[in-house]
Amino acid sequence: MSLNQPRAFKGSEEIRFMTNRERPSKLEKKQLRRLANLGLSNFESIDKTQGRQNDFLKLLKGTRVDTTGFEDCDAVSCGQKRCADGCPFGMRRRRLDEIRATHDLMTGIDGPIYDIQVARRCWARPVGKLREMSIGAVIKSIRRALDKLNNPGIVAVGAIKLSRRVQPSDGSSDVWLWQPFIRLVVAGADRHDLERALLTERGGEKLFQVNKVKNLGRTISNALRRDVYASKQPWFDQLSTTKAEKREFYEWSLRWGERIIRYGCDRYFNRLKKHPRPIRPKFPKKRPYPTWLVPHMFGGAKWENNPPHSMTFEPKNKNVRIVDPPPDYYKR
Ligand SMILES: [Zn+2]
């Protein structure tokens, strides 16, 4: 057998003798077949991720970020000891696992599944100041909204995303902004309850959408995407991303650990057993009537309708000096 002939191995031997060039394509086919079973036919190809990885390395070259490890990242493994959320290959690998785990989790829950998108104007930061954005505040605000429903059956999985630079479409501001938004796949909740919980109390901002899921695999895949892309939200005008903005996004995504949101499940996507919070009725607190102030109240015993600046005012404190005005005082 000459060396130039294609090798034909079978079974487990196959993987061991595959060259690095062969391995991703084989692996990719297997992964894509699995996703096709979930109804997801257009998952990001390895070539496309490679393009994003090259872009990522090119833009971060010359910045303070050390990219040496990321040069060895590929579809199977990572060059870094601990891969970051911003590494395109790492993100693809993790998303593949997350999609399957989330699909298994969601299909085990009765009732309709909803796809929600939420944005708040207060989360936005001007272009160039993305590092000031607080991921923790965004996660807390959505958890608080879901906690309001007090329904232990709710399970939600999604991610915090960043849409391309936007401007409010009502013309209220001319600053270009990074607008973070959340996309979540929610099971076990009623549509009306979700809409009520997402409406903010004070401003009544309606920057959210609740849609019924038609293709679960595709919705989960889109919900877990964490790269910067154009959102289809009607609330903002948006432009395409420039190189400087992409660089800012990459630096920011390396800074933050995880941007995934899990509610009602643990980090391995196992459902949590929760009990509803006890509801205690609230009564207004009773306060004592201020009986000690009654003599000082209008018409009371100690009530004096005598302002301290008037001429006839007599202080109780004897040390206060009172000047008796001479008769010609007002004529001077
Ligand atoms: Zn990586």
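Matching residues to (1) of a type in the set (Gly, Ala, Ser); (2) in contact (Cβ under 8 Å) with a residue 40 or more places away in the chain:
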| residue | (1), (2) |
| --- | --- |
| 77 | yes, no |
| 81 | no, no |
| 88 | no, yes |
| 109 | no, yes |
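Checking every residue in the range 29-47 against the condition of being surrounded by 12 or more Cβ atoms within 10 Å (Cβ to Cβ) and within 16 Å of the ligand (Cβ to nearest atom) gives at least one match.
Regarding residue 54, is this residue away from the ligand (no atom under 12 Å from the Cβ), open to solvent by 30 Å² or more (accessible area, probe 1.4 Å), among the polar types (S, T, N, Q) and farther than 21 Å from residue 248 by Cβ? Walk me through it before giving the result.
Working: away from the ligand (no atom under 12 Å from the Cβ): yes; open to solvent by 30 Å² or more (accessible area, probe 1.4 Å): yes; among the polar types (S, T, N, Q): yes; farther than 21 Å from residue 248 by Cβ: no.
Judged against the criteria, residue 54 is not a match.
Of all residues in the range 36-83, those being in a loop (DSSP other than H, G, I, E, B) and under 14 Å from residue 247 (Cβ atoms) number 6. Of all residues in the range 98-107, those satisfying the criterion of being open to solvent by less than 60 Å² (accessible area, probe 1.4 Å) and either within 16 Å of the ligand (Cβ to nearest atom) or over 20 Å from the mean Cα position of the chain (by Cα) (or both) are 98, 101, 103, 105, 106. Being more than 16 Å from the ligand (Cβ to nearest atom), touching a Phe, Trp or Tyr at 6+ places or on another chain (Cβ under 8 Å) and of a type in the set (Gly, Ala, Ser) is a property that residue 137 has. Could you count how many residues in the range 84-97 are hydrophobic (A, V, I, L, M, F, W, C) and either open to solvent by 20 Å² or more (accessible area, probe 1.4 Å) or farther than 18 Å from residue 220 by Cβ (or both)? Selection size over the range 84-97: 3.
Among the residues in the range 126-141, are any surrounded by fewer than 18 Cβ atoms within 10 Å (Cβ to Cβ), touching a strand residue (DSSP E or B) at 6+ places or on another chain (Cβ under 7 Å) and part of a strand (DSSP E or B)? Yes; the residues of the range 126-141 include at least one that is surrounded by fewer than 18 Cβ atoms within 10 Å (Cβ to Cβ), touching a strand residue (DSSP E or B) at 6+ places or on another chain (Cβ under 7 Å) and part of a strand (DSSP E or B). For the range 22-63, which residues satisfy the criterion of being over 22 Å from residue 220 (Cα atoms) and among the aliphatic types (A, V, I, L, M)? Residues satisfying the conditions are 57, 59, 60. From the set of residues in the range 58-73 that are without any contact (Cβ under 8 Å) to a residue 60 or more places away in the chain and crowded, with 17+ Cβ neighbours inside 10 Å, which is nearest to the ligand (Cβ to nearest atom)? Going through the qualifying residues, I end up with 73. If you go through the range 74-83 and keep only what is over 27 Å from the mean Cα position of the chain (by Cα) and open to solvent by 50 Å² or more (accessible area, probe 1.4 Å), you end up with 74, 76, 77. Every condition in (1) modelled with pLDDT of 90 or more; (2) closer than 15 Å to residue 85 by Cβ holds for residue 270 except the one numbered (2).
Can you name the condition, by its number, that residue 95 falls short on among (1) more than 21 Å from the chain's Cα centre (by Cα); (2) more than 8 Å from the ligand (Cβ to nearest atom)? Single failed check for residue 95: (1).
The values are calculated or read from the model by the stated rules, or taken from the named source; none is laboratory data. What you see is a predicted model; the values in this text were computed from it and never measured. All Cβ positions, even for glycine, are placed from backbone atoms using ideal geometry, and neighbour counts span all protein chains on display. In case anyone asks, the SASA skips ligands and DNA or RNA and just uses the protein heavy atoms, side chains included. Shrake-Rupley method; radii C 1.70, N 1.55, O 1.52, S 1.80 Å.
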